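Input: a single structure, listed below in structure tokens.
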Amino acid sequence: MLYNNLRVITIYTNFGYQPRENSYILGNSKILIDDKKVENYPNLPNDLHLTEDEKLQILPANGIVPMLYQSENPKIVLKNFVASMIKTFDAPILMAIAVGFACCFFDIFISKAQGFPYIILYGESNAGKSTILHILAAFFGITNMTSLTSGTSTGVSLRNQLEKFNNFLVFYEEIDRCKINYIEDLGKDGFSATPRKKSSKDGKEIITEINTSFCVGTNHFFEEMTFANFSRCIPVNLRRGKFDLTDFKYHSIDELKKLSCFLPEILFYRNKIFDIYQEQYKIAQKYCSFARICNNVAIGMSIWIVINEILEEEVINTENLVTNYLDYFEQYIDTELSYGDVFLSSVYRLFCSKELLYGRDFVITKSKFLRINLTKYCDIFNSINPNKKLTPGQIKLKLANDKRAVCLKGSDLKPIGRAVKIDISNNEILLDILNRITKTQDEEEYNDE
């Protein structure tokens, strides 16, 4: 009979993650996450004589056809790639690459974590922005870089790309200066996957969903330097000549094509990724008091833990990675936050690293006031940051207009010494220190002050 050999071919709306099947779709493959295997897709019958254009009509109509590279040993490809990245680049780029890879778990971080940051690669021409962007694109099976979304596209077009892919990083090349503000807005919506709603001419509501995040390359940067911008992205400032890319092999399309072969290896950690994230978040909290920043770096750290497990060796220590990255990121925190926020964050970080000791250098009284000896704080801070030395007078001047500064003249408080008084009643992270110390009789006296 004519229909004896009928075969059902599933047609998907978007490339990327398919929640109903727990699978991941590319232009030539279906990655079955539960079974930890890869099969051909679309698996067309041999007697179905279709032209290449007709075959493309079966695939999601997104203008891009990502292809999975088949390798007998993807772990070797991954090992060589990681060795090259660590040798060539620094912590900000290593963090950006990991966060880019983590986009294959976008829905998990949106639903269970605090959101998902986008990546912005900015700086001079020929500094390496496209190199990083193309590496990330290749991981998702894109090696025809002419198919990436142009930065000259309309705002509507840029937003629509985030609806057309599931857990699949979208790439915007060379965003114009005039669209930087739009990228800020898109980043805010993308961080929490907030859909855009608008009314059509006939009065119907049009909803544009956000199913993934994005990576943008640009020669420009935010005109308004706000913490709101930086806390929702992984910013990487590339300077021409900073990295020696003379013999960098991932300029080659042949080498880039191979990078997608270890995408399945990472996807197979889907059931474990959030547990790994939670452990890495705890590490990040030791060095940063801003929850959203901890979230962002913990996402990148999680991928490096996955890579360590795949390769069965610690190629990167995530605690070292996060401290190096936060040293770099501190410049962005300082742009808008009041000095008081920066100071309190530093106090928490120094406490977590056991440089600043509770009961010797500072205490918390009445469960709401930070009493800290600024001379002791400066001695410790300056020993760690010899190029950013502070004096108690400078700190008092910077805190002078902060409403949280209850008393900057200081008063004697044994055994702290002369201690200023700052209201931290709204700072849950600093107040959590009280849950991490052993209470003594002396502390009861502090609370009675």
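The values are calculated or read from the model by the stated rules, or taken from the named source; none is laboratory data. Only a predicted model underlies this, so the values are computations on that prediction, with no experimental measurement involved. Don't worry about glycine lacking a Cβ; one is built from the backbone with ideal geometry, like all the others, and counts go over all protein chains shown.
Structure data summary
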{"item": "Test for Lys272: is it at pLDDT below 95 and over 16 Å from the mean Cα position of the chain (by Cα)", "result": "no"}
{"item": "Checklist (1) among the aliphatic types (A, V, I, L, M); (2) surrounded by fewer than 23 Cβ atoms within 10 Å (Cβ to Cβ); (3) within 20 Å of Glu72 (Cβ to Cβ) applied to Leu259, failing item", "result": "(2)"}
{"item": "Helices (runs of 4 or more DSSP H) contained in the range 91-177 and holding at least 3 residues surrounded by fewer than 24 Cβ atoms within 10 Å (Cβ to Cβ) and without any contact (Cβ under 8 Å) to a residue 60 or more places away in the chain", "result": "155-164"}
{"item": "Residue ID - modelled with the lowest pLDDT, chosen from residues in the range 39-77 that are within 12 Å of Ile25 (Cα to Cα) and either touching a helix residue (DSSP H, G or I) at 6+ places or on another chain (Cβ under 7 Å) or aliphatic (A, V, I, L, M) (or both)", "result": "Leu59"}
{"item": "Residue pairs meeting the criteria (Cβ under 8 Å; at least 6 apart or on separate chains; first assigned to a loop (DSSP other than H, G, I, E, B), in the range 218-230; second modelled with pLDDT of 75 or more and of a type in the set (Ser, Thr, Tyr))", "result": "Asn219/Tyr122; Asn219/Ser125; His220/Tyr122; Phe221/Tyr122; Met225/Tyr332"}
{"item": "Any chance Asp202 is over 21 Å from Ser260 (Cβ atoms) and either at pLDDT below 90 or over 18 Å from the mean Cα position of the chain (by Cα) (or both)", "result": "yes"}
{"item": "Residue that is surrounded by the fewest Cβ atoms within 10 Å (Cβ to Cβ), among those in the range 412-445 that are at pLDDT 90 or above and basic (Lys, Arg)", "result": "Arg418"}
{"item": "Any hit, the range 88-101, residues being touching a strand residue (DSSP E or B) at 6+ places or on another chain (Cβ under 6 Å), of a type in the set (D, E, K, R) and on the phi < 0 side of the Ramachandran plot", "result": "no"}
{"item": "Residue match in the range 238-251 (condition: touching a Pro at 6+ places or on another chain (Cβ under 7 Å), closer than 29 Å to Met67 by Cβ, touching a residue at least 12 places away in the same chain (Cβ under 8 Å) and crowded, with 17+ Cβ neighbours inside 10 Å)", "result": "no"}
